[in-house]
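Okay, structure first, notes after.
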Amino acid sequence: MNIRLLKPSDANDYRKVRLEALKNHPEAFASSYEEEVETSAEVYESRFLSVDSFTFGAFESEKLIGTVTLLKENKLKLKHRANIVAMYVSAEKRRMGTGKALITAALEKAKEVKGIEQVYLSVVSANESAKKLYSSFGFEVFGEDKRALKIGNTYYDDEHMVLFL
């Protein structure tokens, strides 16, 4: 397995994996499949060129099998913070260390970026495997957002976690 920053040329593969994630696990993301299916690969190409966003991909035999994004905060009073978003590993590649490798890459990048002191993420309360992964890196729950997401008539709670670098 190889972990690296995604480049504009990875945009089509990223879009496929992103739509797979949104379709198969709608409760895990604020974005929806219905909204992002309209997003072109060009949008992702430009994101991969941003100096404030770092999207890592996990590759196995040149196939993208997982992703995670680290977003720097830009406001003056928040520049010491970053957020981990859009974490996903294809179902058949889970429990093989892919998620751990992706989070490791994102956190290493956070430590490289001048000024970042803490990293935040949100996770669906019922996602025990993801919570266990994040906790293994030292992330701690600091709050819960009841009924954070609503899909149809079903609500999902989110837990907010932070890691102080």
Those residues of segment 150-165 whose amide nitrogen sits under 16 Å from the label point placed on S125, 7 Å along Cα→Cβ: 150-151, 154-161
Assuming a strict under-20 Å limit between Cα atoms, what lysine pair count do you get for segment 2-117 once near-sequence pairs (fewer than 8 apart, same chain) are dropped? 23
Cβ-placed point charges (K, R +1; D, E -1), dipole of segment 1-57 about Cα centre in debye, nearest 20: 280
By the Cα gyration tensor axes a ≥ b ≥ c (a/c under 1.5 gives rounded; else a/b larger than b/c gives prolate, otherwise oblate), the shape of segment 92-165 is oblate
Estimated [θ] at 222 nm from DSSP helical runs (n ≥ 4, -39500 (n - 2.57)) normalised by residues in the chain, nearest 500: -8500 deg cm²/dmol
Work out the length of the dipole vector of segment 96-165 about its Cα centre, built from +1 on the beta-carbon of each Lys and Arg and -1 on the beta-carbon of each Asp and Glu, and round it to the nearest 20 debye. 160
So for segment 52-149, using the alpha carbon gyration tensor with a ≥ b ≥ c as root eigenvalues (a/c under 1.5 gives rounded; past that, a/b versus b/c decides prolate or oblate), I'd call it oblate
What's the center-to-center distance, using Cα atoms, between segment 1-57 and segment 63-88 in Å? 12
With Rg and Dmax of the Cα atoms in Å in mind, check (i) 15.8, 48; (ii) 15.3, 52; (iii) 15.3, 43 and report the label derived from this structure. (iii)
Please express the Cα-Cα pair-distance distribution P(r) of segment 1-93 as a list of whole percents, one per 5 Å bin, running from 0 to the bin with the greatest distance. 3, 14, 23, 25, 20, 10, 4, 1, 0
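Each reported figure results from applying straightforward, stated rules to the coordinates on display, with no laboratory input. Note that this is a predicted model, so its numbers are computed, not measured. Positions of Cβ are backbone-derived with ideal geometry, glycine not excepted, and every protein chain shown enters the neighbour counts.
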